[in-house]
């Protein structure tokens, strides 16, 4: 069974959007960094769920970096709006090679990625586009027993719910309320550290 690993938001300007999102969430990111392979950079927040912590990633193209392959998460082109965008979600597995052999993940290629002490294998489309426009997740298999949330204290952000047309067909341990079925695009509902509800939806 797959496990929800993290949720990805996108922006044109990482620093400006990080300031906005930090205000909305009521807490600063615990970390982040650069992805040399993809020419992107990110900021991270810890999210609590009913079963286990996941993390929220705010990611953007890095204007100072030249990607070595197509940027992931559909970040090849800038967004038309300066608003923070819901991109999709990432599911973790211990059998990424097996999963990409059959639908719906057979459009993914498995690559090796490294950043600092973190190493992972990632299932991504050849052109960096989101799988089924974000309705289906990218896949990740962490290597070496390390994870971005190691040693990170709770930040008092909660994942309340996710909804989307493809979610009920996934063999995934959903640690939150799940709105199943329908034709709706992917959406995520968070409870910020200040108690406010934040909603993000695929455009």
If I ask for residues that are in a loop (DSSP other than H, G, I, E, B) and closer than 27 Å to residue 203 by Cβ, which ones from region 144-167 would you list? 148, 155, 157, 164, 165, 166
Hey, could you check region 116-133 for residues that are in a loop (DSSP other than H, G, I, E, B) and under 16 Å from the mean Cα position of the chain (by Cα) and say which is nearest to residue 185 (Cα to Cα)? 130
Can we say residue 186 is at pLDDT below 90 and closer than 14 Å to residue 7 by Cβ? no
Sole residue being within 20 Å of residue 189 (Cβ to Cβ), in a loop (DSSP other than H, G, I, E, B) and touching a residue at least 40 places away in the same chain (Cβ under 8 Å), chosen from 50, 70: 50
When you check residue 106 against the structure, is it closer than 16 Å to residue 142 by Cβ and either at pLDDT 95 or above or surrounded by fewer than 16 Cβ atoms within 10 Å (Cβ to Cβ) (or both), yes or no? no
Six or more apart or on different chains, Cβ atoms under 7 Å: show the pairs whose first residue is in region 8-19 and more than 17 Å from residue 190 (Cβ to Cβ) and whose second is outside any helix (DSSP H, G or I) and modelled with pLDDT of 95 or more. 12/60; 13/60; 14/41; 14/43; 14/58; 14/60
Tell me the residue from 98, 151, 169 that is over 30 Å from residue 27 (Cβ atoms) and at pLDDT 95 or above, please. 98
Does region 173-187 include one or more residues that are touching a helix residue (DSSP H, G or I) at 6+ places or on another chain (Cβ under 8 Å), buried (at least 19 other Cβ atoms within 10 Å of the Cβ) and in a loop (DSSP other than H, G, I, E, B)? yes
Scan region 53-64 and give yes if some residue there is surrounded by fewer than 15 Cβ atoms within 10 Å (Cβ to Cβ), in contact (Cβ under 8 Å) with a residue 24 or more places away in the chain, out of contact with any helix residue (DSSP H, G or I) (no Cβ under 7 Å at 6 or more places or on another chain) and more than 26 Å from residue 141 (Cβ to Cβ), otherwise no. no
May I ask you to verify whether residue 33 is in contact (Cβ under 8 Å) with a residue 60 or more places away in the chain, part of a strand (DSSP E or B) and loosely packed, with under 15 Cβ neighbours inside 10 Å? yes
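The rows are residues; the columns are (1) surrounded by 21 or more Cβ atoms within 10 Å (Cβ to Cβ); (2) closer than 17 Å to residue 78 by Cα; (3) touching a helix residue (DSSP H, G or I) at 6+ places or on another chain (Cβ under 8 Å); (4) at pLDDT 95 or above.
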residue	(1), (2), (3), (4)
1	no, no, no, no
9	yes, yes, yes, yes
15	no, yes, no, yes
23	no, no, no, yes
29	no, no, yes, yes
42	yes, yes, yes, yes
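The values are calculated or read from the model by the stated rules, or taken from the named source; none is laboratory data. As the structure is a prediction and not an experimental result, all values here were calculated from the model. Reconstructed Cβ throughout: ideal geometry from the backbone, glycine too, with neighbour counts over all protein chains shown.
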